[in-house]
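The values are calculated or read from the model by the stated rules, or taken from the named source; none is laboratory data. The structure displayed is predicted, hence computed values, not measured ones. In this analysis, Cβ positions are derived from the backbone assuming ideal geometry, glycine residues included, and neighbour counts consider all displayed protein chains.
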C-alpha cells in the first residue's frame, strides 16, 4: 500500500490523529512538507472526490476527510520557517461562493515553503471584501482558486475588481483548462496549474497591472446576463425536471443540487467563449448520475430542458443546440 493509499484509508474514518501519524512517519523517513503535500495529501484528496462521484462515499465522509487534510496542512505549514523575503504578501483565496478551499490551501503552503509571505483568506471571498483586504495589505499579487466552471463569471468580476487596484492576479484550479485560455479570457495576468507553477508565476509578475478591458464580445456579455439570472433559470429548470418537492431517488437529489452549477456552467462557457466548460459539466453529471442508477438518457434530457430554459439568450441557445444535436 502506498503512502497516499494509507493516508486515504485513515482520513476515510475522519481520523486526524491517524493522519498525523502517517505524516510524521513520512517526515521521519526524510519526506519534506512539499513531498507530503504533493505525493500524499493532494492525490488522496483527488481520490476523495472520485469516491463521492462514484457513490462509494457519502457527502459526510467527503467533508470529514477534507477537514482532516486541512488540519494536517495547517500543521505542516506551521513547520515551515518564516518567509525569507521581506516583501508584500501574496493573497491566496477562493472565488466568491467557492467552498473547495483545500486546493487554495495547498498553493498557499507551496508559496510559504518557497519563502514568500502569504495572506490566506480561505473559501468564499467576495469581491468587496477581497478589494478591501487588498487596500489594507498592498499585496504583490492575488491568487484566485476556482474549482467549478459555474464560478468562472465570478472570477471575471473579481479579477476586474482586483486589477482596478493595480494588483496583478494569478488564477488556478480545476475550472481552468491546462492551456490557460480561460484564464486569459477572464483577464488574469497569469495562470498556475499547481503550487510550483504559482511560485514561478508570482515571481515573474510585474509590480503593477492595468485595469481590465471591456468584455470582448456580445457572447461574453451574455454570459454575465445568464449569471445574473441564474436563480430564476435554475427554478425553471427544476420545475421541468423535478416538479415535486420531495423525491427518494438518490440520482434526483444529486441532480437537484447540481442544477445551479449547470446553469452557471452555461454562463461560464459564454463568458470564456469556451463551450467545453458546459461539456465538462454535463460529462461529470452523466458519470455521477450513472453511478446512482439514473435511467438511460437522463443527462440528455437535462440538456434538452436546459436548452428550453435558456432559449431567450441567443448565444446560450446556440451553445445548447450544438450539444443537443450532437446527442441526438
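With 62, 98 as the choices, which residue is touching a helix residue (DSSP H, G or I) at 6+ places or on another chain (Cβ under 6 Å), in the same structural domain as residue 130 (by TED's automatic domain parsing) and closer than 21 Å to residue 258 by Cα?
Result of the check over 62, 98: 98.
When you check residue 228 against the structure, is it without any contact (Cβ under 8 Å) to a residue 12 or more places away in the chain and within 16 Å of residue 308 (Cα to Cα), yes or no?
Here the answer is no, as residue 228 does not meet what is asked.
Consider residue 165 carefully, then state whether it is without any contact (Cβ under 8 Å) to a residue 12 or more places away in the chain, more than 29 Å from residue 45 (Cα to Cα) and part of a loop (DSSP other than H, G, I, E, B).
no
Please enumerate the residues belonging to the range 239-257 that are under 19 Å from residue 296 (Cα atoms) and either without any contact (Cβ under 8 Å) to a residue 60 or more places away in the chain or outside any helix (DSSP H, G or I) (or both).
Passing the criteria: 242, 247, 248, 249, 251, 252, 253, 254, 255, 256.
Counting only residues that are in contact with a strand residue (DSSP E or B) (Cβ under 7 Å, 6 or more places away or on another chain) and either in the same structural domain as residue 269 (by TED's automatic domain parsing) or free of Cβ contacts under 8 Å to residues at least 60 places away in the same chain (or both), how many does the range 182-200 have?
Count: 6.
Could you please let me know if residue 129 is assigned to a helix (DSSP H, G or I), free of Cβ contacts under 8 Å to residues at least 12 places away in the same chain and in contact with a strand residue (DSSP E or B) (Cβ under 9 Å, 6 or more places away or on another chain)?
yes
Can you tell me which residues in the range 168-187 are within 17 Å of residue 205 (Cβ to Cβ) and outside any loop (DSSP other than H, G, I, E, B)?
Hits for the range 168-187 are 169, 170, 171, 172, 183, 184.
Being buried (at least 20 other Cβ atoms within 10 Å of the Cβ) and either over 23 Å from the mean Cα position of the chain (by Cα) or not assigned by TED's automatic domain parsing to the domain that holds residue 178 (or both) is true for just one of 272, 283. Which residue is that?
One residue alone meets the criteria, 272.
Select, from 138, 161, the only residue that is surrounded by fewer than 18 Cβ atoms within 10 Å (Cβ to Cβ) and either modelled with pLDDT of 95 or more or touching a strand residue (DSSP E or B) at 6+ places or on another chain (Cβ under 7 Å) (or both).
138
Quick check on the range 308-328: of everything there that is surrounded by fewer than 18 Cβ atoms within 10 Å (Cβ to Cβ) and farther than 19 Å from residue 221 by Cα, which residue is modelled with the highest pLDDT?
Step by step, filter the range 308-328, then rank; the result is 308.
Could we say that residue 151 is assigned to a helix (DSSP H, G or I), touching a residue at least 40 places away in the same chain (Cβ under 8 Å), in the same structural domain as residue 105 (by TED's automatic domain parsing) and surrounded by 21 or more Cβ atoms within 10 Å (Cβ to Cβ) here?
Yes: the conditions hold for residue 151.
Return yes or no: is residue 179 outside the structural domain of residue 141 (by TED's automatic domain parsing), surrounded by fewer than 21 Cβ atoms within 10 Å (Cβ to Cβ), within 30 Å of residue 143 (Cβ to Cβ) and out of contact with any helix residue (DSSP H, G or I) (no Cβ under 6 Å at 6 or more places or on another chain)?
no
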